[in-house]
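**Q** Attaching a single structure in structure tokens format; questions to follow.
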Amino acid sequence: MPLRRLATATALATSLAAAPLAAAEDGVTTFTLENGMDVVVIEDTRAPVAVHMVWYRVGSSDEPPGKSGIAHYLEHLMFKGTEKRAPGEFSEVVEAQGGSDNAFTSFDYTGYFQRVASDRLSLMMEMEADRMTNLVLSDEVARPELGVVLEERSQRTDSNPGALFGEQRRAALFLNHPYGRPIIGWRSEIEELDMQDALDFYADHYAPNNAILVVAGDVTADEVRALANEHYGPIPANPEIAERQRPAEPPHLAERRLMFDDPQISQPYLVRSYLAPERDPGNQEEAAALVYLADLLGGSSATSLMGKALEFETQKAVYTSAFYSGTSYDDTSFGLVIVPAPGRSLPEAEADLDAVLARFMEEGPDMEAFARIKTQIKASQIFARDNLQSRARRYGEALTAGLTVEDVQAWPDILQAVTPEDVMAAAERLFDKRRSVTGYATPTAPQEVSQ
């Protein structure tokens, strides 16, 4: 990158970072119960509402070999009743209080939440603590729910060529790590799951010392501490739960290429994914630089380098984008997408992508774009504080990914401290084709019918 241009961009970045966000977020208190359950309290008295979340440090990447989908299946079964409550009663009680509830499974976590009036918080804790240890299952409820999970896979994945393409790319990118298998599971393995698999997984992972309680809203830390000790405190820790041990990725020695076709694809496109570093405890700087890199290359079509160069200047593409999320327990991915203009082939689109990346590595970030992104990131961090659920989720996702509360609170200022030099250094390390998968998605060619 030319020194004069780099110096100007650095000066702009420095001026924007002159007024950093608070390193420690106001109204956030943390403590740990005697049984090992971590608690985060986010006080916000603007409305008499509370969000109650329990996050388990277990996701699809912690499943036993051959049992893919068991984490998500168990998430479904957690609503099927306990010794105290009938199947479905949990959500019925929440709804009767005027609240809402749901659950979610990802690679690194499984989470359960309720949004209710803050004076109903004790009831939510009582019910969630109950199903942490007292889940009751029978074949009559477990077997039909497996059919529900399979139907979910049919609707969201098997009938969606984009989802299937993404599933295949991820399996190719991660050679050995369980991030390469889908969260919902492979159909052939889901079909073989049973109630005992779910109960075994439940016994192995659902315990207070493997959970994080996050409460956000019109509460005080003292109130939450008293309620947490009352409802969760009596549950004993599981001494068998140890630190996660996952297979490591071996060195990637060759780039991988994927050809995927489906009759539902109407417009060919390509996606290239690179193995990328995640946010690490006490070391989030490279991940922060990759956040900027994704925006600079493929954020807004009107302002990003790929958008301007390929959609507007040369009209070689009708759509471009880049994606990266660093909140992950282990290495994650950085991706680039191009939908070429009609009449332009995917090999030509790939050459266009490589040309844009070469241009970026030679010229460096655009000064105005870098400054604008820095301002947008700062604004988004501020606005995010107005959403109780997103604030609670930010802590839950980070803590289950191995980060600390201090990491979460330092993240906004780390983002503001990113310089163009940081972005270029991160890009230099990232763009190694040996650590990449390039996928072509095309419509299935019509088959000739012999006469």
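The values are calculated or read from the model by the stated rules, or taken from the named source; none is laboratory data. Owing to the predicted nature of the structure, the values given are computational and were not obtained by experimental measurement. Positions of Cβ are generated from backbone atoms using ideal geometry, with glycine treated the same way; all protein chains shown enter the neighbour counts. With ligands, DNA and RNA removed, areas are computed over all heavy atoms of the protein, side chains included. Shrake-Rupley method; radii C 1.70, N 1.55, O 1.52, S 1.80 Å.
**Q** Could we say that ASN35 is surrounded by fewer than 19 Cβ atoms within 10 Å (Cβ to Cβ) and either of a type in the set (Ser, Thr, Tyr) or part of a strand (DSSP E or B) (or both) here? Before the answer, list the steps.
**A** On the way: surrounded by fewer than 19 Cβ atoms within 10 Å (Cβ to Cβ): yes; either of a type in the set (Ser, Thr, Tyr) or part of a strand (DSSP E or B) (or both): no.
Taking the combined requirement at face value, the residue does not satisfy it.
**Q** Determine whether ASN210 is more than 23 Å from GLN264 (Cα to Cα), within 24 Å of the chain's Cα centre (by Cα) and open to solvent by 40 Å² or more (accessible area, probe 1.4 Å).
**A** Spelling it out, it is not the case that ASN210 is more than 23 Å from GLN264 (Cα to Cα), within 24 Å of the chain's Cα centre (by Cα) and open to solvent by 40 Å² or more (accessible area, probe 1.4 Å).
This table checks each residue for (1) open to solvent by less than 50 Å² (accessible area, probe 1.4 Å); (2) farther than 30 Å from ASP218 by Cα; (3) touching a strand residue (DSSP E or B) at 6+ places or on another chain (Cβ under 8 Å).
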{"position": "ILE338", "(1), (2), (3)": "yes, yes, yes"}
{"position": "PRO347", "(1), (2), (3)": "no, yes, no"}
{"position": "ALA401", "(1), (2), (3)": "yes, no, no"}
{"position": "THR419", "(1), (2), (3)": "yes, yes, no"}
{"position": "ALA441", "(1), (2), (3)": "yes, yes, yes"}
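**Q** Quickly run through segment 92-120 and pick out the residues that are open to solvent by 30 Å² or more (accessible area, probe 1.4 Å) and more than 25 Å from the chain's Cα centre (by Cα).
**A** Hits for segment 92-120 are GLU92, GLU95, ALA96, GLN97, GLY98, ALA117, ASP119, ARG120.
**Q** Related question: Inside segment 58-79, can you point out the residues that are touching a residue at least 40 places away in the same chain (Cβ under 8 Å), in contact with a Lys or Arg (Cβ under 9 Å, 6 or more places away or on another chain) and not in a helix (DSSP H, G or I)?
**A** Answer for segment 58-79, where residues must be touching a residue at least 40 places away in the same chain (Cβ under 8 Å), in contact with a Lys or Arg (Cβ under 9 Å, 6 or more places away or on another chain) and not in a helix (DSSP H, G or I): VAL58, GLU63, SER68, GLY69, MET78.
**Q** In this structure, is TYR324 open to solvent by 30 Å² or more (accessible area, probe 1.4 Å) and under 21 Å from ARG372 (Cα atoms)?
**A** yes
**Q** Scanning segment 361-376 for residues that are over 27 Å from the mean Cα position of the chain (by Cα) and crowded, with 19+ Cβ neighbours inside 10 Å, which turns out farthest from ALA427 (Cα to Cα)?
**A** Checked segment 361-376; the qualifying residue farthest from ALA427 (Cα to Cα) is ASP366.
**Q** Moving on to the next point. Could you go through segment 410-421 and let me know if any residue there is closer than 20 Å to TYR292 by Cβ, of a type in the set (S, T, N, Q) and not in a helix (DSSP H, G or I).
**A** Scanning segment 410-421, I find at least one residue that is closer than 20 Å to TYR292 by Cβ, of a type in the set (S, T, N, Q) and not in a helix (DSSP H, G or I), so the answer is yes.
**Q** Another question, if that's okay. Given the conditions (1) in contact with a strand residue (DSSP E or B) (Cβ under 6 Å, 6 or more places away or on another chain); (2) buried (at least 17 other Cβ atoms within 10 Å of the Cβ); (3) over 25 Å from GLU397 (Cβ atoms), which single one is not true for HIS252?
**A** The one condition HIS252 does not meet is (1).
**Q** Still on this structure, I have one more. Could you please find all residues in segment 279-299 being under 17 Å from the mean Cα position of the chain (by Cα), within 28 Å of ALA309 (Cα to Cα) and open to solvent by 30 Å² or more (accessible area, probe 1.4 Å)?
**A** Once the filter is applied, which keeps residues that are under 17 Å from the mean Cα position of the chain (by Cα), within 28 Å of ALA309 (Cα to Cα) and open to solvent by 30 Å² or more (accessible area, probe 1.4 Å), segment 279-299 yields only VAL291.
**Q** Okay, next question. Kindly list the number of the only condition in (1) acidic (Asp, Glu); (2) without any contact (Cβ under 8 Å) to a residue 40 or more places away in the chain; (3) within 22 Å of VAL215 (Cβ to Cβ) that fails for ASP108.
**A** (2)
**Q** Any chance you could count how many residues in segment 224-246 are within 18 Å of ALA401 (Cβ to Cβ) and open to solvent by 60 Å² or more (accessible area, probe 1.4 Å)?
**A** 3
**Q** Show me the helices (runs of 4 or more DSSP H) found entirely inside segment 121-184 where at least 1 residues are touching a Ser or Thr at 6+ places or on another chain (Cβ under 9 Å) and surrounded by fewer than 17 Cβ atoms within 10 Å (Cβ to Cβ).
**A** Details: elements: 121-133, 139-153, 161-173.
Correct list: 161-173.
**Q** Which residue is nearest to PRO208 (Cα to Cα), if the candidates are limited to segment 235-279 and must be of a type outside the set (S, T, N, Q) and without any contact (Cβ under 8 Å) to a residue 24 or more places away in the chain?
**A** PRO239
**Q** So, in segment 77-91, how many residues would count as being on the phi < 0 side of the Ramachandran plot and open to solvent by less than 30 Å² (accessible area, probe 1.4 Å)?
**A** Pass one, segment 77-91, residues on the phi < 0 side of the Ramachandran plot: 77-80, 82-87, 89-91.
Remaining after also requiring open to solvent by less than 30 Å² (accessible area, probe 1.4 Å): 77-78, 82, 90.
Selection size over segment 77-91: 4.
The rows are residues; the columns are (1) among the small types (Gly, Ala, Ser); (2) under 30 Å from ILE265 (Cα atoms); (3) modelled with pLDDT of 95 or more.
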| residue | (1), (2), (3) |
| --- | --- |
| GLU89 | no, no, yes |
| LEU121 | no, no, yes |
| ARG131 | no, no, yes |
| GLY147 | yes, yes, yes |
| SER154 | yes, yes, yes |
| LEU164 | no, yes, yes |
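**Q** Quick check on my filter: what residues within segment 305-336 are in contact with a strand residue (DSSP E or B) (Cβ under 7 Å, 6 or more places away or on another chain) and among the basic types (Lys, Arg)?
**A** LYS316
**Q** Just to be sure before I move on: is GLY343 within 20 Å of LEU270 (Cβ to Cβ) and surrounded by 21 or more Cβ atoms within 10 Å (Cβ to Cβ) in the structure I sent?
**A** no
**Q** Return a yes/no flag: does segment 353-360 have any residue that is over 28 Å from GLN267 (Cβ atoms) and surrounded by 21 or more Cβ atoms within 10 Å (Cβ to Cβ).
**A** Our first condition is that a residue be over 28 Å from GLN267 (Cβ atoms); within segment 353-360, this holds for none.
Checking segment 353-360: not a single residue is over 28 Å from GLN267 (Cβ atoms) and surrounded by 21 or more Cβ atoms within 10 Å (Cβ to Cβ).
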